[in-house]
1. Check every one of the strands (runs of 3 or more DSSP E) wholly within the chain and list those with 1 or more residues that are open to solvent by less than 20 Å² (accessible area, probe 1.4 Å) and hydroxyl-bearing (Ser, Thr, Tyr).
2. Go through segment 17-45 and report how many residues are more than 12 Å from the chain's Cα centre (by Cα) and more than 11 Å from Leu61 (Cβ to Cβ).
3. So which of Leu38, Leu2 ends up being modelled with pLDDT under 95 and among the hydrophobic types (A, V, I, L, M, F, W, C)?
4. Of everything in segment 1-45, what is of a type in the set (Ser, Thr, Tyr) and touching an Asp or Glu at 6+ places or on another chain (Cβ under 9 Å)? Give them in sequence order.
Amino acid sequence: ELKTARPPRILYHGSDPKDYDSIMKKGLIKMKRLHVHLSADKEIAYSVGKRYAKRNEPIILKIDAAAMYADGFKFFLSENGVWLIDNVPPKYLSI
């Protein structure tokens, strides 16, 4: 069972650039996963994004986790250091 935790001010998410327009419209959604996976480290987000981007250079999305937390969003920290959340609305995202 996951426990809620206060996130760092900024978190990151690596993704395929072809998904950028959709992400900026809909935000980050969990799709078939239980949560959206975020990282406190840009390099980890890059390596995760590289797996999804395949032939493209991944994009690194910056999440304003401090604002989300202040707005009542619940974050969870997994045992392996991955930050988890149900979704990230577009207003908290930048590239």
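1. It comes to 10-15.
2. Summing the residues that are more than 12 Å from the chain's Cα centre (by Cα) and more than 11 Å from Leu61 (Cβ to Cβ) in segment 17-45 gives 10.
3. Leu2
4. Tyr12
The values are calculated or read from the model by the stated rules, or taken from the named source; none is laboratory data. Quick caveat: nothing in here was measured; it's all calculated off a predicted structure. FYI the Cβ positions are ideal-geometry reconstructions off the backbone, even for glycines, and counts take in every protein chain you see. For the accessible areas, the whole protein counts, side chains as well, though only heavy atoms, and no ligand, DNA or RNA atoms are used. Shrake-Rupley method; radii C 1.70, N 1.55, O 1.52, S 1.80 Å.
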